[in-house]
Amino acid sequence: MEHQRSRLGILFNFNPKWTGGLIYNLNTIKILNFLEDKDRPIVVIIYKPELEEYLKEIEYPYLELVENIFPSLAKGYLKSILKSKNIFVHDLVTKYQLNAIFPMHDYPVNSKLNAKLVSWYADLQHVYYPKFFTKKRLLERKIRINMILKNSKDLVVSSQVVKDDFIQFYKVPKSITIHIYHFVSIIDSLPSLTSNEIKSKYGLPNEYFMVSNQFQKHKNHLVIFNALAELQKKGIRVHVAITGRFPSDPNSEYLKELHNIINSNGLENSISFLGLIPRGDQLLLMKYSKAIIQPSLFEGWSTVIEDAKSLQVPVIASNIKVNVEQLAEKGTYFEPHNWNQLAAILNHHPDRDFNQLLYEPYENRMKKAAYEFISIFKQ
């Protein structure tokens, strides 16, 4: 007789433009395939309609899909307080007999439920760089965090750095447990294209560095462009391929600043803007790159670095604490505003040995992460 499996609810309630969040949530489910069958829970994905298309790529033997219309932030908080129950999840937990639910962003009240409601927060970027946020977004973040800390009993963060930030900037009650789950990147499959074919498809030279970040200021493309400009002055040409969503504002000041560096330094043939491309193509381009550059000023835990580790690709990263936590001695580091330092690294970076095992073997990392994740939901 088969043992009774626990029922884990996964909330798919986020902006589909948030690529990092999308990958995080998909991998949260896919990682469970690396558990022994006896340890796999039934996963109930509760999703808003506009995210339905992303569920097609999930293969998991014990999966249930539930479409749901989630309340708006303001209405959800108000109704929850008036009814003394968390209307974002209360009825879902009881209706689908969930033993646990994750990731909880909104915790306006402490619902009286037997299920384990596990909160999640990406990072405290707004504390370090408030200028990158609108007043509305700052207020939303403040409310969410305060309510999580007041009403939740379990909070998942992606790194020791984020946990330390919570302890430094907030009064964390003793009643809440902060779990660190080191997200890993699952590589399902890659397009069946050779190195030359994928480079030809995107018009890339034989050797190139790769950057895969959205065009937001804290992603710090600026340091890369200035590094390329320094090399260009010395007659050294290095090629960088850049993927990622462009700003929604066609008059983005940040994009103008980047283009000014390109135009004033003649870097048109040194940078390939590839935009938002299929993830399989992006991963394949990463795989065949000379190295991946992660220049961020701030991260909670970098998906790009996890992609690199799963693909066994070298990483050149800014020396912020979380990047060092993620890569340790395996990374090549530069100060995030020091483009001369980055320029020297790019100029002298060794050729790739594609057979070199840089990081822990893929299967080992996935299985370890799967058990690390599922342990959070043990009662």
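Using heavy atoms of the protein chains and a probe of 1.4 Å, the accessible area assigned to D39 is about 50 Å². At full extension, T332 and N196 could sit 46.3 nm farther apart than now, given 0.36 nm per residue minus the alpha carbon distance.
Here each label is just a point 7 Å from Cα along the line to Cβ, and for N269 and L78 those points are 6.1 nm apart. Ratio of Rg to Rh for the stretch 222-312: 0.97 [Cα atoms; Kirkwood radius as inverse mean 1/r over pairs]. By the Cα gyration tensor, the stretch 272-379 has an equivalent ellipsoid whose semi-axes, rounded to whole angstrom, run 25, 17, 15 from largest to smallest. Computed over the stretch 258-299, the P(r) tail beyond 13 angstrom holds 70 percent of alpha carbon pairs. Based on a Kirkwood Rh over C-alpha pairs, give the Stokes-Einstein translational diffusion coefficient of the chain at 4 °C and viscosity 1.567 mPa s in µm²/s. Translational D for this selection: 58 µm²/s. Annotation for the stretch 151-186 versus the stretch 1-34: alpha-carbon center distance of 19 Å. Each Cα pair under 8 Å and six or more residues apart adds its separation to the average, and for the chain the resulting relative contact order is 15 percent. At q = 0.12, 0.16, 0.19, 0.28 Å⁻¹, what is the base-10 log of I(q)/I(0) for the stretch 163-223 according to the Debye formula with one equal point scatterer per Cα and no solvent? Please give it to two decimals. Per q value, in the given order, log10 I(q)/I(0) is -0.66, -0.87, -0.99, -1.12.
Across the stretch 130-260, the fraction of Cα-Cα pairs farther apart than 22 Å, rounded to a whole number, is 62%.
Using the Cα coordinates of the stretch 94-170, the gyration tensor eigenvalues translate into equivalent-ellipsoid semi-axes of 25, 14, 10 Å, sorted from longest to shortest.
Which whole number in µm²/s is D for the stretch 43-164 by Stokes-Einstein, with the Kirkwood Rh taken over Cα pairs at 37 °C and 0.692 mPa s? It diffuses with D of about 206 µm²/s by this estimate.
Placing a pseudo-label 7 Å from each Cα along the Cα-to-Cβ vector at K142 and H349 gives an inter-label distance of 4.1 nm.
The charge dipole of the chain, taken about its Cα centre with unit charges on the Cβ atoms of Lys, Arg (+1), Asp and Glu (-1) only, comes to about 1440 debye. Pairs over the 25 Å Cα-Cα cut-off, from the set K131/K309; K85/K153; K116/K171; K112/K135: K131/K309; K112/K135.
Length, then width, then depth: along the principal axes, the Cα atoms of the stretch 33-104 run 43, 26, 17 Å.
Once the convex hull of all Cα atoms in the stretch 1-68 is built, its volume per residue stands at 80 Å³. Charged side chains reduced to their Cβ positions (Lys and Arg at +1, Asp and Glu at -1) give the stretch 26-109 a dipole of some 520 debye around its Cα centre. Working value for the stretch 129-183: equivalent-ellipsoid semi-axes of 20, 14, 10 Å, each the square root of 5 times a Cα gyration tensor eigenvalue, largest first. Using the Cβ-Cβ distance between N68 and Y128 with R0 set to 25 Å, the FRET efficiency from 1/(1 + (r/R0)^6) comes to roughly 0.15.
Could you give me the percent of Cα pairs per 10 Å distance bin for the stretch 336-375, shortest bin first, beginning at zero and ending with the bin that holds the maximum distance? The distribution over the stretch 336-375 is 22, 24, 24, 26, 4, given as percents.
Set the Förster distance to 25 Å, then compute FRET efficiency between Q160 and N260 from the Cβ-Cβ distance, nearest 0.05. That pair, Q160 with N260, gives E of 0.05.
When each of the peptides 288-299, 239-250, 9-20 is scored by how many other beta carbons lie within 10 Å of its residues on average, the order from highest to lowest is 288-299, 9-20, 239-250.
The values are calculated or read from the model by the stated rules, or taken from the named source; none is laboratory data. Just so you know, these numbers come straight off a predicted model, no measurement behind them. Positions of Cβ are backbone-derived with ideal geometry, glycine not excepted, and every protein chain shown enters the neighbour counts. Remember, those area values only see protein heavy atoms, side chains included, never the ligands or the DNA or RNA. Shrake-Rupley method; radii C 1.70, N 1.55, O 1.52, S 1.80 Å.
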